[in-house]
Amino acid sequence: MKKITTYENKKVLVLGLAKSGFSAAKLLHELGALVTVNDGKPFDENPEAQDLLALGIKVVTGSHPIELLDEDFSVMVKNPGIPYNHPLVAKAQEMGIPVITEVELAYEVAECPIIGITGTNGKTTTTTMMGLLLNAGESKGMARLAGNIGYPASSVAQEAQADDKIVMELSSFQLMGITDFHPNVAVITNIYEAHIDYHGTREEYVKAKWEIQKNMTTEDYLILNWNQEELRMLSQTTQAQILPFSTTEVLEKGAYCVEGIIYYNQEKIMDASDLGVPGAHNIENALAAITVAKLYEISTEAIKQTLHLFHGVPHRTQYVGEIQGRKFYNDSKATNILATEMALSGFAPEKMILLAGGLDRGNSFEELVPSLQNVKALIAFGETKHKLVEAGQKAGIQVIEITDNVETAVPLALALSDEEDVILLSPANASWDQYPNFEIRGTRFMEAVNKLK
């Protein structure tokens, strides 16, 4: 880690804990900052705050008193999930206090190159693929995953050596809080409409995603999904060198897939059918990851072997196992319609038993209807079960059932299925009506499958 003096004897407010805030507070303390942490969770229910207090860091918990800003802070490090209209954040900006996120700190202390990955869908799978590919072919150093994938960037940056590479998944929330952050290579997997409740408009959401390249130079590489006209247009506004990927056309440079074969710069890499994860969206993810691997001179053979053996990230079209000739897949991370549409595109619908449902956010499922056509059976649960039944009926699904939850859906799906069918949990909804998060929902699904085994 670089030993920087930027924060020495400077007052810094860390707003919001969780993994990233906890990591940022410890790093800033080590860098000599006078750190105050403010978190909404009460102190007696807040082990992170208790640990930080034991280190000598000032903690204020249980509320967010505006008077905190009377202390003449030099900078605020904000948890990405806290919106900019939060009273403390808005007041800090009004006072001219810089507001950054923890990934900016990570960049400041990192000794090694950073590869940044953002996008609406596919970030985690692409990041994971990329880490595996880089580690499959590197003779020195290692690729370290960081960021929105679950490993605080500022912790990873402290551990990384000069020969390493940090492969950092970045959300739009994190990217809004950067100033000098500068990846050597960046990837945008795709951009669709998302998080409008946070950003306000689609334009602001796209603007946040595009921040990933704002400090890139002509020596850097920006890898973009060439299937999207919006990204083609944006590519004209960056200094970085563009490397496109596409599943719809042959490219002079970059990665593409035509007639079921994946190429990079005209060289055949592998058959798309040899990827260890199904779906057209995973071909796009693989193309992005292959482009980065080739930039770092990973061999074609290492790429083929690694991507063939990669069977997905937990809860993202994850292969769970086979029972009586039926294959089970866990796609609990599909918390919106688009993610479920992508998951469904990877399977033959006439062999598909779909498990879906969850938190009702007021939307209909009209957009999902085309993807549901020819699906063999639908099992709906949760608050949106009746809306999903209506969408299934519009799509002409012959077998539709309602059940209590994911656990009861699994044995029902087995009973409705035949040999060679696929049973897919891809809810198209958030989990919070019945489960604390999508991970627990996916775990319950896998436990139910294993119980049947």
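Listed values, structure above:
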read-out: Nearest-ten-degree value, helix 300-309 long axis tilted from longest Cα axis of the chain; value: 70 degrees
read-out: Between the range 402-450 and the range 26-79, the alpha-carbon center distance in angstrom; value: 40 Å
read-out: Per-bin percent of Cα-Cα distances, the range 132-249 [10 Å]; value: 12, 39, 37, 11, 1
read-out: Apportionment of accessible area to carbon and sulfur, the range 330-423, percent (1.4 Å); value: 46 percent
read-out: Directionally averaged projected area (convex hull, Cα atoms, the chain), nm²; value: 22.3 nm²
read-out: Accessible surface, 1.4 Å probe, highest first, among residues 199, 308; value: 308, 199
read-out: For the range 284-326: Kirkwood Rh in Å [reciprocal of mean 1/r, alpha carbons]; value: 12.1 Å
read-out: The range 318-452: translational diffusion in µm²/s, Stokes-Einstein, Kirkwood Rh over Cα pairs, 4 °C, 1.567 mPa s; value: 92 µm²/s
read-out: Reduced Cα scattering model of the range 11-100, Debye log10 I(q)/I(0), q = 0.12, 0.14, 0.23, 0.25 Å⁻¹; value: -0.30, -0.41, -1.18, -1.40
read-out: For the range 205-254 versus the range 341-369, the gap between their alpha-carbon centres in whole angstrom; value: 30 Å
read-out: 31 Å Cα-Cα threshold exceeded, pairs from 209/253; 209/376; 26/140; 253/327; 3/304; value: 209/376; 253/327; 3/304
read-out: Cα-based Rg and Dmax for the range 22-70, where Dmax is the largest Cα-Cα distance (Å); value: 10.6, 28
read-out: Selected from 151, 187, 405, residue furthest toward positive end of dipole (the chain; charges at beta carbon); value: 151
read-out: Accessible area (Å², 1.4 Å probe, nearest 10) - residue 294; value: 40 Å²
read-out: Per principal axis, descending, Cα span of the range 218-316 in whole Å; value: 37, 28, 26
read-out: Cα-based helix-to-principal-axis angle, 18-30 vs the chain, degrees rounded to 10; value: 30 degrees
read-out: Under the Debye formula (equal points on every Cα, no solvent term), log10 I(q)/I(0) of the range 158-222 at q = 0.24 Å⁻¹; value: -1.10
read-out: Per residue, in Å², the accessible surface of the chain once ligands and nucleic acids are set aside, probe 1.4 Å; value: 42 Å²
read-out: Ranked order, 193, 230 - accessible area, probe 1.4 Å, largest first; value: 193, 230
read-out: Crossing angle, helix 385-394 versus the chain [Cα axis fit, 0-90 degrees, rounded to tens]; value: 50 degrees
read-out: Globularity ratio of the range 65-214, using Cα Rg and 2.2 N^0.38 Å; value: 1.09
read-out: Descending Cα extents along the principal axes, the range 103-309, whole Å; value: 41, 39, 30
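The values are calculated or read from the model by the stated rules, or taken from the named source; none is laboratory data. In this text, all values refer to a predicted model and were calculated from it rather than measured experimentally. Neighbour counts run over all protein chains shown; Cβ positions are idealised from the backbone, glycine included. Surface areas here come from the heavy atoms of the whole protein model, side chains and all, with no ligands, DNA or RNA. Shrake-Rupley method; radii C 1.70, N 1.55, O 1.52, S 1.80 Å.
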